[in-house]
1. Each residue of the range 123-132 in turn: what ³J(HN,Hα) in whole Hz from Karplus with 6.51, -1.76, 1.60 and θ = phi - 60°, glycine and Pro shown as x?
2. Hey, if we sort ASP126, ASP85, ASP276 by accessible area with the 1.4 Å probe, largest down, what's the order?
3. To the nearest µm²/s, what D does Stokes-Einstein give for the range 58-133 at 37 °C and 0.692 mPa s, using the Kirkwood radius over alpha carbon pairs as Rh?
4. Over all distinct Cα pairs, what is the inverse of the mean 1/r for the chain, reported as the Kirkwood hydrodynamic radius in Å?
5. Under 23 Å between alpha carbons: how many lysine pairs meet that in the range 245-291, if sequence neighbours fewer than 8 apart on the same chain are excluded?
6. Under a crude label model (7 Å from the Cα following the beta-carbon direction), how far is ILE10 from ILE93 in nanometres?
7. Relative contact order, percent, of the range 145-296 when contacts are C-alpha pairs under 8 Å separated by at least 6 residues?
8. Alpha carbons only, please: Rg and Dmax for the range 245-291, in angstrom.
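The values are calculated or read from the model by the stated rules, or taken from the named source; none is laboratory data. Here the structure is a predicted model, which is why all the values come from computation and not from measurement. Every residue, glycine as well, gets a Cβ built from its backbone with ideal geometry; the counts of neighbours run over all protein chains shown. Keep in mind that these areas ignore ligands, DNA and RNA; they rest on the heavy atoms of the full protein, side chains included. Shrake-Rupley method; radii C 1.70, N 1.55, O 1.52, S 1.80 Å.
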Amino acid sequence: MMVRNRKSSILRDALKSKGLVKVAGAHDGLSAKLAEKNGFNAIWASGLGISAVQTVPDASILTMTEFLEAAVIMNESCNLPVIADCDSGYGNIHNVTRMIKKYEVSGIAGVCIEDKVYPKLNSFDDRQQLLVSTEEFCEKIRAAKMAQQNDDFVLIARVEALIAKLGQQEAYTRAKAYVQAGADAILIHSKERSPDEIVEFVNNWDVDAPLVVVPTKYPTLSMEQLEELGVKVSIYANQALRASVKAINDTFESIINNKSSLQIEKEIVSVKEIFDIQEVPEMKQLERLVHKQPAT
Ligand code: SPV
Ligand code: MG
(Lines give C-alpha, C1' and ligand atoms only; values in the text may rest on other atoms or scores of the structure.)
(Ligands and ions follow the chains in the order given, each with its own letter.)
Protein backbone atom coordinates (compact mmCIF):
# COMPACT_ATOMS: atom_id res chain seq x y z
CA MET A 1 0.00 0.00 0.00
CA MET A 2 1.30 3.42 -0.89
CA VAL A 3 1.79 5.70 2.12
CA ARG A 4 0.86 9.28 1.28
CA ASN A 5 2.69 12.21 2.78
CA ARG A 6 1.02 15.58 2.37
CA LYS A 7 4.26 17.54 2.49
CA SER A 8 5.97 15.37 -0.15
CA SER A 9 3.00 16.03 -2.42
CA ILE A 10 3.28 19.78 -1.80
CA LEU A 11 6.98 19.67 -2.66
CA ARG A 12 6.41 17.60 -5.77
CA ASP A 13 3.67 19.97 -6.93
CA ALA A 14 6.02 22.91 -6.36
CA LEU A 15 8.66 21.24 -8.55
CA LYS A 16 6.04 20.88 -11.31
CA SER A 17 4.66 24.40 -10.87
CA LYS A 18 5.56 27.50 -12.86
CA GLY A 19 8.07 29.88 -11.34
CA LEU A 20 10.97 29.68 -8.94
CA VAL A 21 10.60 27.67 -5.73
CA LYS A 22 12.14 29.77 -2.93
CA VAL A 23 13.73 27.69 -0.20
CA ALA A 24 15.10 29.00 3.10
CA GLY A 25 17.94 27.31 4.92
CA ALA A 26 16.99 26.72 8.54
CA HIS A 27 18.82 25.31 11.54
CA ASP A 28 16.05 24.91 14.12
CA GLY A 29 12.29 25.18 14.60
CA LEU A 30 12.41 28.94 15.09
CA SER A 31 14.24 29.69 11.85
CA ALA A 32 11.92 27.29 9.97
CA LYS A 33 8.84 29.03 11.32
CA LEU A 34 10.22 32.48 10.44
CA ALA A 35 10.94 31.27 6.90
CA GLU A 36 7.29 30.34 6.55
CA LYS A 37 6.17 33.68 7.98
CA ASN A 38 8.31 35.50 5.43
CA GLY A 39 6.90 33.76 2.39
CA PHE A 40 9.33 30.99 1.46
CA ASN A 41 7.96 27.86 -0.19
CA ALA A 42 10.04 25.20 1.56
CA ILE A 43 12.72 24.61 4.18
CA TRP A 44 16.28 23.41 3.62
CA ALA A 45 17.32 21.57 6.78
CA SER A 46 20.91 22.71 6.38
CA GLY A 47 23.72 20.39 7.41
CA LEU A 48 25.93 23.42 7.93
CA GLY A 49 23.27 25.07 10.09
CA ILE A 50 22.42 21.99 12.15
CA SER A 51 26.15 21.42 12.77
CA ALA A 52 26.78 25.10 13.54
CA VAL A 53 24.14 25.29 16.27
CA GLN A 54 26.03 22.48 18.01
CA THR A 55 29.29 24.36 17.23
CA VAL A 56 30.82 21.42 15.35
CA PRO A 57 32.19 21.45 11.78
CA ASP A 58 29.97 20.50 8.84
CA ALA A 59 32.06 17.41 8.22
CA SER A 60 29.84 14.40 9.03
CA ILE A 61 30.55 14.91 12.73
CA LEU A 62 26.92 14.64 13.84
CA THR A 63 25.14 11.35 13.24
CA MET A 64 22.20 10.71 10.93
CA THR A 65 19.96 10.50 13.99
CA GLU A 66 21.01 13.96 15.12
CA PHE A 67 20.43 15.46 11.66
CA LEU A 68 17.05 13.73 11.42
CA GLU A 69 15.98 14.93 14.86
CA ALA A 70 16.79 18.52 13.86
CA ALA A 71 14.89 18.17 10.56
CA VAL A 72 11.85 16.75 12.37
CA ILE A 73 11.79 19.72 14.75
CA MET A 74 11.78 22.06 11.71
CA ASN A 75 9.04 20.01 10.09
CA GLU A 76 6.85 20.18 13.18
CA SER A 77 7.43 23.91 13.61
CA CYS A 78 5.92 25.02 10.32
CA ASN A 79 3.58 24.00 7.54
CA LEU A 80 6.22 24.06 4.82
CA PRO A 81 7.72 20.92 3.28
CA VAL A 82 11.25 20.18 4.51
CA ILE A 83 14.07 19.17 2.18
CA ALA A 84 16.68 17.55 4.40
CA ASP A 85 20.33 18.00 3.52
CA CYS A 86 21.60 14.46 4.01
CA ASP A 87 25.21 15.10 3.00
CA SER A 88 26.68 12.03 1.27
CA GLY A 89 24.02 9.70 2.68
CA TYR A 90 25.84 8.79 5.92
CA GLY A 91 27.70 5.88 4.37
CA ASN A 92 27.07 3.31 1.66
CA ILE A 93 23.90 2.04 -0.07
CA HIS A 94 22.75 0.30 3.11
CA ASN A 95 23.07 3.49 5.15
CA VAL A 96 21.20 5.35 2.39
CA THR A 97 18.41 2.77 2.45
CA ARG A 98 17.86 3.11 6.18
CA MET A 99 18.19 6.89 5.95
CA ILE A 100 15.41 7.15 3.35
CA LYS A 101 13.10 4.92 5.39
CA LYS A 102 13.69 6.98 8.53
CA TYR A 103 13.29 10.39 6.88
CA GLU A 104 10.22 9.40 4.92
CA VAL A 105 8.38 7.85 7.85
CA SER A 106 9.20 10.99 9.88
CA GLY A 107 7.24 13.18 7.46
CA ILE A 108 10.19 14.86 5.73
CA ALA A 109 9.15 15.82 2.17
CA GLY A 110 12.41 15.03 0.45
CA VAL A 111 16.15 14.64 0.88
CA CYS A 112 19.27 15.74 -0.93
CA ILE A 113 22.38 13.59 -1.15
CA GLU A 114 25.68 14.70 -2.64
CA ASP A 115 28.35 12.83 -4.57
CA LYS A 116 31.15 13.44 -2.08
CA VAL A 117 32.92 10.77 -0.07
CA TYR A 118 31.80 10.00 3.48
CA PRO A 119 32.82 11.68 5.74
CA LYS A 120 32.24 14.86 3.76
CA LEU A 121 33.56 18.39 4.02
CA ASN A 122 31.44 21.52 3.64
CA SER A 123 31.65 22.71 0.02
CA PHE A 124 33.22 26.02 1.07
CA ASP A 125 36.03 24.30 2.97
CA ASP A 126 39.30 24.99 1.12
CA ARG A 127 40.67 21.48 1.66
CA GLN A 128 40.54 18.98 -1.20
CA GLN A 129 36.98 17.95 -2.06
CA LEU A 130 36.79 14.23 -2.83
CA LEU A 131 33.99 12.72 -4.91
CA VAL A 132 32.88 9.11 -5.21
CA SER A 133 32.71 7.66 -8.72
CA THR A 134 29.66 8.37 -10.85
CA GLU A 135 28.68 4.69 -10.69
CA GLU A 136 29.00 4.50 -6.91
CA PHE A 137 26.74 7.53 -6.54
CA CYS A 138 24.23 6.14 -9.05
CA GLU A 139 24.03 3.04 -6.85
CA LYS A 140 23.14 5.24 -3.88
CA ILE A 141 20.43 6.95 -5.94
CA ARG A 142 19.00 3.60 -7.03
CA ALA A 143 19.05 2.33 -3.44
CA ALA A 144 17.30 5.51 -2.28
CA LYS A 145 14.56 5.25 -4.89
CA MET A 146 14.03 1.57 -4.08
CA ALA A 147 13.69 2.37 -0.36
CA GLN A 148 11.01 5.05 -0.60
CA GLN A 149 7.41 4.01 0.02
CA ASN A 150 5.62 7.10 -1.22
CA ASP A 151 5.96 8.01 -4.90
CA ASP A 152 5.91 11.71 -4.05
CA PHE A 153 8.95 11.60 -1.75
CA VAL A 154 11.61 13.71 -3.49
CA LEU A 155 15.25 12.77 -4.00
CA ILE A 156 17.59 15.55 -5.05
CA ALA A 157 21.03 14.48 -6.28
CA ARG A 158 23.72 17.06 -5.69
CA VAL A 159 26.63 17.39 -8.11
CA GLU A 160 29.86 18.60 -6.52
CA ALA A 161 32.02 18.43 -9.66
CA LEU A 162 32.26 22.21 -9.99
CA ILE A 163 33.11 22.49 -6.27
CA ALA A 164 35.88 19.88 -6.81
CA LYS A 165 37.11 21.86 -9.87
CA LEU A 166 36.47 18.94 -12.26
CA GLY A 167 34.91 21.10 -14.95
CA GLN A 168 31.63 21.54 -16.79
CA GLN A 169 31.81 18.31 -18.77
CA GLU A 170 32.23 16.16 -15.65
CA ALA A 171 29.42 18.05 -13.93
CA TYR A 172 27.08 17.55 -16.89
CA THR A 173 27.94 13.85 -17.30
CA ARG A 174 27.37 13.17 -13.62
CA ALA A 175 24.11 15.12 -13.50
CA LYS A 176 22.71 13.27 -16.49
CA ALA A 177 23.72 9.88 -15.05
CA TYR A 178 22.07 10.77 -11.73
CA VAL A 179 18.78 11.60 -13.49
CA GLN A 180 18.98 8.29 -15.39
CA ALA A 181 19.53 6.52 -12.05
CA GLY A 182 16.27 8.01 -10.75
CA ALA A 183 17.01 11.40 -9.14
CA ASP A 184 14.00 13.73 -9.18
CA ALA A 185 16.08 16.91 -9.41
CA ILE A 186 19.71 17.98 -9.67
CA LEU A 187 21.40 20.40 -7.29
CA ILE A 188 24.36 21.95 -9.05
CA HIS A 189 26.64 23.67 -6.56
CA SER A 190 29.29 26.32 -7.19
CA LYS A 191 31.53 28.43 -4.98
CA GLU A 192 32.67 30.85 -7.68
CA ARG A 193 32.04 34.50 -6.86
CA SER A 194 30.97 35.03 -10.46
CA PRO A 195 27.69 33.39 -11.54
CA ASP A 196 29.26 32.47 -14.94
CA GLU A 197 29.94 28.84 -13.98
CA ILE A 198 26.33 28.23 -12.88
CA VAL A 199 24.89 30.14 -15.84
CA GLU A 200 26.97 28.00 -18.24
CA PHE A 201 25.80 24.76 -16.59
CA VAL A 202 22.15 25.83 -16.60
CA ASN A 203 22.33 26.97 -20.23
CA ASN A 204 23.81 23.62 -21.29
CA TRP A 205 21.25 21.59 -19.31
CA ASP A 206 19.08 19.75 -21.84
CA VAL A 207 17.82 16.94 -19.58
CA ASP A 208 14.20 16.85 -18.39
CA ALA A 209 14.85 17.29 -14.66
CA PRO A 210 14.55 20.42 -12.50
CA LEU A 211 17.69 22.26 -11.42
CA VAL A 212 18.37 23.46 -7.89
CA VAL A 213 21.00 26.09 -7.01
CA VAL A 214 22.46 27.56 -3.83
CA PRO A 215 23.50 31.14 -4.64
CA THR A 216 25.56 31.77 -1.48
CA LYS A 217 28.77 32.89 -3.18
CA TYR A 218 27.10 34.52 -6.18
CA PRO A 219 24.30 36.57 -4.58
CA THR A 220 24.26 38.95 -7.56
CA LEU A 221 22.04 36.45 -9.38
CA SER A 222 18.51 37.56 -8.45
CA MET A 223 15.41 35.39 -8.21
CA GLU A 224 14.12 36.95 -11.44
CA GLN A 225 17.36 36.10 -13.25
CA LEU A 226 17.36 32.54 -11.91
CA GLU A 227 13.78 32.08 -13.05
CA GLU A 228 14.60 33.54 -16.46
CA LEU A 229 17.50 31.09 -16.78
CA GLY A 230 15.15 28.19 -16.12
CA VAL A 231 16.36 27.28 -12.62
CA LYS A 232 13.54 25.64 -10.67
CA VAL A 233 14.65 25.93 -7.03
CA SER A 234 16.87 28.45 -5.27
CA ILE A 235 18.08 27.67 -1.75
CA TYR A 236 19.16 30.51 0.54
CA ALA A 237 21.05 28.04 2.68
CA ASN A 238 22.82 29.92 5.43
CA GLN A 239 21.74 33.57 5.49
CA ALA A 240 19.51 33.05 8.55
CA LEU A 241 22.35 31.33 10.41
CA ARG A 242 24.82 34.09 9.57
CA ALA A 243 22.28 36.78 10.46
CA SER A 244 21.58 35.19 13.84
CA VAL A 245 25.30 35.12 14.74
CA LYS A 246 25.56 38.82 13.93
CA ALA A 247 22.40 39.68 15.85
CA ILE A 248 23.47 37.74 18.94
CA ASN A 249 26.98 39.21 18.86
CA ASP A 250 25.65 42.77 18.47
CA THR A 251 23.24 42.23 21.35
CA PHE A 252 25.74 40.74 23.78
CA GLU A 253 28.35 43.33 22.85
CA SER A 254 25.88 46.15 23.51
CA ILE A 255 24.85 44.77 26.90
CA ILE A 256 28.46 44.31 28.04
CA ASN A 257 29.64 47.69 26.72
CA ASN A 258 26.67 49.70 28.01
CA LYS A 259 26.41 47.76 31.27
CA SER A 260 22.66 47.40 30.68
CA SER A 261 20.26 46.18 27.99
CA LEU A 262 18.69 49.64 27.55
CA GLN A 263 20.45 50.50 24.26
CA ILE A 264 19.69 47.21 22.56
CA GLU A 265 16.05 47.15 23.69
CA LYS A 266 14.86 49.13 20.66
CA GLU A 267 16.73 46.80 18.26
CA ILE A 268 15.29 43.52 19.46
CA VAL A 269 11.81 42.00 19.24
CA SER A 270 9.41 42.15 22.18
CA VAL A 271 8.70 39.22 24.44
CA LYS A 272 5.17 39.37 23.03
CA GLU A 273 6.55 38.60 19.56
CA ILE A 274 8.30 35.56 21.00
CA PHE A 275 5.04 34.46 22.67
CA ASP A 276 3.24 34.84 19.32
CA ILE A 277 5.81 32.60 17.60
CA GLN A 278 5.30 30.09 20.42
CA GLU A 279 1.53 30.27 19.80
CA VAL A 280 0.66 31.43 23.30
CA PRO A 281 -2.50 33.17 21.94
CA GLU A 282 -3.65 29.81 20.52
CA MET A 283 -2.91 28.21 23.89
CA LYS A 284 -5.15 30.77 25.62
CA GLN A 285 -7.87 30.26 23.02
CA LEU A 286 -7.82 26.52 23.71
CA GLU A 287 -8.19 27.17 27.41
CA ARG A 288 -11.21 29.41 26.74
CA LEU A 289 -12.82 26.72 24.57
CA VAL A 290 -12.10 23.91 26.99
CA HIS A 291 -13.27 25.85 30.02
CA LYS A 292 -16.67 26.40 28.34
CA GLN A 293 -17.40 22.72 28.60
CA PRO A 294 -19.28 21.81 31.77
CA ALA A 295 -17.47 19.25 33.90
CA THR A 296 -18.90 15.76 33.59
C1 SPV B 1 24.23 23.32 3.73
O2 SPV B 1 23.53 24.32 3.98
O3 SPV B 1 24.61 22.54 4.59
C4 SPV B 1 24.66 23.06 2.36
C5 SPV B 1 24.91 24.16 1.46
O6 SPV B 1 24.89 21.91 2.03
S7 SPV B 1 26.59 24.54 1.52
O8 SPV B 1 26.91 24.99 2.85
O9 SPV B 1 26.76 25.57 0.52
O10 SPV B 1 27.36 23.36 1.17
MG1 MG C 1 25.22 20.70 3.61
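1. My calculation for the range 123-132 gives 4, 8, 6, 7, 6, 4, 9, 9, 10, 7 Hz in order.
2. Ranking ASP126, ASP85, ASP276 by accessible area, largest first, yields ASP126, ASP276, ASP85.
3. Working: Rh = 13.0 Å.
It diffuses with D of about 253 µm²/s by this estimate.
4. Every distinct Cα pair counted, the radius reaches 20.3 Å.
5. Working: LYS246/LYS259; LYS246/LYS266; LYS246/LYS272; LYS272/LYS284.
Pairs that pass both the separation and distance tests number 4.
6. Going from the ILE10 label point to the ILE93 one covers 3.4 nm.
7. Working: 139 pairs, mean separation 21.5, N = 152.
Once normalised by length, the contact order is 14 percent.
8. Calculated on Cα positions, Rg and Dmax stand at 16.0, 48 Å.
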